[in-house]
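Below is one structure, written out as structure tokens; the observations come after it.
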Amino acid sequence: GKAVPDHDEYDINLQMEWTVLTCKEKMQELLQQKEESFRLYKVNPIWKEPTEIFDDESKKIQQCGVRNGDVLWLEYGVPPVKGEIRLTVEFATFEWTQNVGMDFFDISKFVTVKKLKEVLCTKLEQIESPNHIRLWRNNYLIRGDDTKLSKNRIKKSTSIAVQLLSEPEILPTNTRLLFLRKRDPKSKKLEPGEEISVVGDLRSGTPRESIFKAVQLQVGVPEEFLECALARSNKWVWISKPPETEKKGGNGVWFKDGNVICWRDKRDDPENTDDFFLKPVRSVKSRKNFKGNQNPAPRVIERGVKIDTMWVEQ
């Protein structure tokens, strides 16, 4: 859609008892816009973008959480039917190296994932069939073609990354897509991520030996020189034999789509000068207000591929 008119801002005094429809009509009068097809959004104060659409025009603006000083966005377009949500979709190649399109559209939150994939096939010619794409919501792979969007936490203004596949794919329920990232001890950086499919035991945990063999087969490093660990929100879960100062833990390892396994070749650092795996892994979500000499920037291990229109840490 397009703002009316072209991102100009106007001040307007609204009565809190007005409905969304009345509010929209008053704004149209102010902007001298007589067309009937308009929709109204509330602008996110942090991102400065319209994120919350008012799909029930009978509601009072006070019920919609509008406060003094908020910015409202009037846009050309028919308001969605109640129960519909607006999705922002980015299409990218399998390797996440190139954007091949972006779109947004309204769809019922009660349709299935399969139906969403079918709709996406009509949006881009490169998509051969629903089985030629993967859908990612942030760092989570959207599974279950027969489940409804609402069950996959897809709601208003959700951004979805569509990964285009060269071959059709139906992922078994016990297979998870992980990402491998190599640690370079010289540059002190992680190399871009690469995918790996691992068959997991979703009940009792996957044996470390099975994951280690899958990683070893992928990277081609001899067993005695390979060191690898799964990055969790606050700690490393060791896949290979851990350093003497670290605990190995139980034999079963639980993981999910999008998790990252970091690895290194010990031959690249014979003196063992890189202490990367000895530092804790922390999630951005657990960031607190740091004081004094405490570290103000906890580390987070990202997959190292392109997701949701932004490049994550390389």
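The values are calculated or read from the model by the stated rules, or taken from the named source; none is laboratory data. Small disclaimer: the values here were computed from a predicted structure and weren't measured. Positions of Cβ are generated from backbone atoms using ideal geometry, with glycine treated the same way; all protein chains shown enter the neighbour counts. Just so you know, the surface numbers come from the protein's heavy atoms only, side chains and all, with ligands and any DNA or RNA stripped out. Shrake-Rupley method; radii C 1.70, N 1.55, O 1.52, S 1.80 Å.
Numbers at a glance
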{"quantity": "Residue in segment 229-236 that is open to solvent by 80 Å² or more (accessible area, probe 1.4 Å) and either within 19 Å of Asn139 (Cα to Cα) or of a type in the set (A, V, I, L, M) (or both) present", "calculated": "yes"}
{"quantity": "Identity of the residue in segment 139-160, over 15 Å from the mean Cα position of the chain (by Cα) and either more than 21 Å from Thr173 (Cα to Cα) or open to solvent by 60 Å² or more (accessible area, probe 1.4 Å) (or both), that ends up modelled with the lowest pLDDT", "calculated": "Lys151"}
{"quantity": "Some residue of segment 116-138 being hydroxyl-bearing (Ser, Thr, Tyr) and in contact with a strand residue (DSSP E or B) (Cβ under 8 Å, 6 or more places away or on another chain)", "calculated": "no"}
{"quantity": "Whichever residue in segment 26-37 is surrounded by 14 or more Cβ atoms within 10 Å (Cβ to Cβ) and in contact with a strand residue (DSSP E or B) (Cβ under 9 Å, 6 or more places away or on another chain) and, among such residues, is farthest from Gln62 (Cα to Cα)", "calculated": "Gln33"}
{"quantity": "Among (1) open to solvent by less than 60 Å² (accessible area, probe 1.4 Å); (2) in a loop (DSSP other than H, G, I, E, B); (3) at pLDDT 90 or above, the one test that Val281 misses", "calculated": "(3)"}
{"quantity": "Glu128, sole failed condition from (1) outside any loop (DSSP other than H, G, I, E, B); (2) in contact (Cβ under 8 Å) with a residue 40 or more places away in the chain", "calculated": "(1)"}
{"quantity": "Residue in segment 214-222 that is assigned to a loop (DSSP other than H, G, I, E, B), surrounded by fewer than 19 Cβ atoms within 10 Å (Cβ to Cβ) and modelled with pLDDT under 85 present", "calculated": "no"}
{"quantity": "All strands (runs of 3 or more DSSP E) inside segment 42-125 with 2 or more residues being farther than 29 Å from Ile170 by Cα", "calculated": "49-53, 72-76"}
{"quantity": "Residue in segment 102-110 that is within 19 Å of Thr158 (Cβ to Cβ), out of contact with any Pro (no Cβ under 8 Å at 6 or more places or on another chain) and open to solvent by less than 30 Å² (accessible area, probe 1.4 Å) present", "calculated": "yes"}
{"quantity": "Residue match in segment 172-180 (condition: part of a strand (DSSP E or B), under 19 Å from Gly258 (Cβ atoms), open to solvent by 40 Å² or more (accessible area, probe 1.4 Å) and not basic (Lys, Arg))", "calculated": "no"}
{"quantity": "Every residue from segment 193-208 that is touching a residue at least 40 places away in the same chain (Cβ under 8 Å) and within 25 Å of Arg267 (Cβ to Cβ)", "calculated": "Gly193, Ile196, Val198, Arg208"}
{"quantity": "Candidate set: segment 38-76, residues that are farther than 16 Å from Leu21 by Cβ and among the small types (Gly, Ala, Ser); chosen: the one most open to solvent (accessible area, probe 1.4 Å)", "calculated": "Gly69"}
{"quantity": "From Gly83, Gly77, Gly101, residue being touching a Gly at 6+ places or on another chain (Cβ under 8 Å) and at pLDDT below 85", "calculated": "Gly77"}
